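Okay, structure first, notes after.
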Amino acid sequence: MLSLNPKPKLITFDCYGTLARWHEVFLREIGAVLAEHDDGDTAATILDSFSAQSRRLTAEQPYRLFKDILRIGFTAAFREHGVSPNADEIERIASAPSRMGPHPDVPAALRRLRERYKLAILTNSDDDLIGPTAARIGVPFDFVITSQQARSYKPSRHLFEYAYREMGVDPHETVHVAMGMYTDMKACHELGLRAVWVNRGGETGNPDWLPYEEVKDLNGAASLLLQS
């Protein structure tokens, strides 16, 4: 069971996938492109290819904006499967994070948590992409920390260290809640942070990155964090 000793002052969240509907929106946008090109590949196949491209691109230096990661990564992912989207199609996909709304369980769970904790988003995103998404969630956050601000992407420790300096908290005064196994649980393991893995997809975790608590949605995370 997750230990709340010492008592957390602040709960940090990954946004895309954890709070916002990342997979659902991208699958819709990718499917629209494939339909225009009469291609038989599935949207999930293209999204998996993008995930591999993104992992490579976010680790490279010098730092790139996330919109550029999306443009480069999705162009390469489509081409792996013989599809060549036009510039407008790639731009629509690159702007998709700004149109993502929350999972149905998210607003109520965050409102419960706000009664006890400060809340923050730590995201691999640009300021202008995450702003509309955070607004759609409908629950105020005390801090929104982006890779653009930190000039670094998770799972690099630099984004987390930058965030803690900006928020004025010790890492051990926080709990991190996220869907990303590689981007978030890996970093929490390496930094010795308390972590909750939101396993929305029924995936298999990585025991190399324990300890983390596993829940199926944000209601489960809220119940853990609000235990007496």
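The values are calculated or read from the model by the stated rules, or taken from the named source; none is laboratory data. What you see is a predicted model; the values in this text were computed from it and never measured. Virtual Cβ from ideal backbone geometry, glycine too; neighbours counted across all protein chains shown.
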* To do: Give the residues of the range 109-118 that are free of Cβ contacts under 8 Å to residues at least 60 places away in the same chain and within 22 Å of P132 (Cβ to Cβ), sorted by residue number.
  => R111, R114
* Asked: Do we have any residue at all in the range 207-224 that's under 14 Å from the mean Cα position of the chain (by Cα), aliphatic (A, V, I, L, M) and more than 24 Å from L57 (Cα to Cα)?
  -> yes
* To do: For the range 124-139, indicate whether the set of residues that are farther than 30 Å from L226 by Cα and in contact with an Asp or Glu (Cβ under 6 Å, 6 or more places away or on another chain) is non-empty.
  => no
* Asked: Which ones in the range 21-65 are farther than 26 Å from L159 by Cα, assigned to a loop (DSSP other than H, G, I, E, B) and out of contact with any helix residue (DSSP H, G or I) (no Cβ under 7 Å at 6 or more places or on another chain)?
  -> H37, D38, D39, G40, T42
* Is there any pair linking a residue in the range 190-202 that is modelled with pLDDT of 95 or more to one that is outside any loop (DSSP other than H, G, I, E, B) and basic (K, R), with Cβ under 9 Å and at least six apart or on different chains, and which? -> E190/R157; L191/R157
* Please enumerate the residues belonging to the range 156-172 that are assigned to a helix (DSSP H, G or I) and among the aliphatic types (A, V, I, L, M). => L159, A163, M167
* Which ones in the range 85-123 are acidic (D, E) and in the same structural domain as T133 (by TED's automatic domain parsing)? -> D105, E115
* Index of the failed condition, A195 passing every other in (1) surrounded by 22 or more Cβ atoms within 10 Å (Cβ to Cβ); (2) assigned to a loop (DSSP other than H, G, I, E, B) -> (2)
* Within the range 66-84, identify whether any single residue is among the basic types (K, R), in contact with a helix residue (DSSP H, G or I) (Cβ under 9 Å, 6 or more places away or on another chain), closer than 19 Å to D126 by Cβ and not assigned by TED's automatic domain parsing to the domain that holds V139, and answer yes or no. => yes
* Which of the residues that make up the range 12-66 are surrounded by fewer than 17 Cβ atoms within 10 Å (Cβ to Cβ) and either of a type in the set (S, T, Y) or touching a Cys at 6+ places or on another chain (Cβ under 6 Å) (or both)? -> T42, T45, S51, Y63
* The lone exception for R157 - which of (1) within 28 Å of V33 (Cα to Cα); (2) surrounded by fewer than 18 Cβ atoms within 10 Å (Cβ to Cβ) it fails -> (1)
